[in-house]
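The values are calculated or read from the model by the stated rules, or taken from the named source; none is laboratory data. Everything quoted here is computed from the prediction, not taken from an experiment. Here the Cβ positions follow ideal geometry from the backbone for every residue, glycine too, while neighbour counts run over all protein chains shown. Heads up: the accessible areas ignore ligands, DNA and RNA and are worked out on the full protein's heavy atoms, side chains in. Shrake-Rupley method; radii C 1.70, N 1.55, O 1.52, S 1.80 Å.
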Amino acid sequence: MQRSKNDVWVGLFVLIGAVALLFLALQSANLLTLSFQKSYRVDAKFDNVGGLKPKAAVRSAGVVVGRVEKIVFDDKSFQARVTLAMEDRYRFPKDSSLKILTSGLLGEQYLGLEPGAEEKTLAAGDLISSTQSAVVLESLISQFLYSKAADGKTPDADSPKK
């Protein structure tokens, strides 16, 4: 009788530990967000979203003020349309701007929201028109190499011969 009672407690403890580990894994991978705040939806269009994913953070001054809800391709404008779920307690001017930023050197991407100066605030269904697309590392490297090739100089050609 005592042994089976201990087995039940050990099993319950292991089950709670497994659920806690699953919760932490989903939370750290941004696959689970528990927010009970009311939110409003706004859209933004980008030429290139890079590696931005749904559930990515929307930050202003380093504080998470919303999340990316969905990313779809708009076949009329040939741009990516990003829907944001902004927390209701944060209101930003209509002329605010968005840019895709990266946390760390090779970290995950998030949206940086810079408030504007207009008196009217964003409301549900509004479109943020001032956006800056993601910086693609491969594109920067190719532009650098192309500009060096266009110069026609190599580093050894500039140095004097001994």
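Beta carbons closer than 8 Å, at least 6 apart along the sequence or on distinct chains, pair a first residue in the range 63-79 that is farther than 14 Å from G51 by Cα with a second that is small (G, A, S) and outside any strand (DSSP E or B) for R67/S35; R67/A56. Looking only at the range 48-66, residues that are over 8 Å from the mean Cα position of the chain (by Cα) and not in a loop (DSSP other than H, G, I, E, B) come to 6 in all.
Restricting to the range 113-138, and then to whatever is small (G, A, S) and open to solvent by 50 Å² or more (accessible area, probe 1.4 Å), can you tell me which residue is farthest from K45 (Cα to Cα)?
Per the stated criteria, the residue is A117.
Taking (1) basic (K, R); (2) within 19 Å of the chain's Cα centre (by Cα); (3) under 17 Å from L127 (Cβ atoms); (4) loosely packed, with under 15 Cβ neighbours inside 10 Å in turn, R41 satisfies each apart from (4).
Taking the numbered list (1) within 15 Å of V82 (Cα to Cα); (2) surrounded by fewer than 10 Cβ atoms within 10 Å (Cβ to Cβ); (3) not acidic (D, E) in turn, L105 passes all entries but (1). Out of S97, S147, one residue alone is free of Cβ contacts under 8 Å to residues at least 40 places away in the same chain, open to solvent by less than 90 Å² (accessible area, probe 1.4 Å), more than 24 Å from G66 (Cβ to Cβ) and not hydrophobic (A, V, I, L, M, F, W, C). It is S147. Can we say Y110 is touching a residue at least 24 places away in the same chain (Cβ under 8 Å), buried (at least 17 other Cβ atoms within 10 Å of the Cβ) and outside any strand (DSSP E or B)? No; evaluated as a whole, the condition is false for this residue. Against the numbered list (1) among the basic types (K, R); (2) closer than 30 Å to L22 by Cα; (3) under 11 Å from the mean Cα position of the chain (by Cα), K99 comes up short only at (2).
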